[in-house]
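J.: Pasting a structure below so you can have a look.
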Amino acid sequence: MPDLTFPLDLRGTPFQRAVWSALRDIPPGCTVTYAELAARIGHPGAARAVARACAANPVAIAVPCHRVVPKPRWRNTSPGTRETGGWRWGAARKQALLAREGAL
């Protein structure tokens, strides 16, 4: 994966910019849940708002919203598997990116 730490001029609400900034701190090969990301930016309980900010992200790879996944659903989940959730650019593409990074 190329280094994508260049400066970006992202336009959004202060909340969206906080989410997008936190997304850039998630290393390749790692994932966090929407709730974990909400807590990281000081808004515990705002998991749905984090999901909306991820969906509004205009630059998918530079701001890696694909690294955010829903919290595990313990029922109907096989051991060793994790749902990756949907993604603005398609769930299959999200899974492929996570697999390439070694997160799956």
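Here, each number is a calculation from the coordinates, and none is a lab measurement. These numbers were taken from a predicted model, which means no experiment stands behind them. In this analysis, Cβ positions are derived from the backbone assuming ideal geometry, glycine residues included, and neighbour counts consider all displayed protein chains.
J.: If I model a spin label as a point 7 Å beyond the Cα along the Cα-Cβ vector, how far apart are those points for A96 and C30 in nm?
T.: So the label points at A96 and C30 sit 2.6 nm apart.
J.: Still on this structure, I have one more. Assuming 0.36 nm per residue, please report the length gained on full extension of the stretch S21 to R88 beyond their Cα-Cα distance. Let's see the in-between values first.
T.: Numbers: separation 67, 0.36 × 67 = 24.12 nm, distance 1.83 nm.
Working it through step by step, the gained length comes to 22.3 nm.
J.: Using amide H atoms built 1.01 Å from N in the peptide plane, name the residues 5+ places from T33, or on other chains, whose amide H lies under 5 Å from its own.
T.: V69
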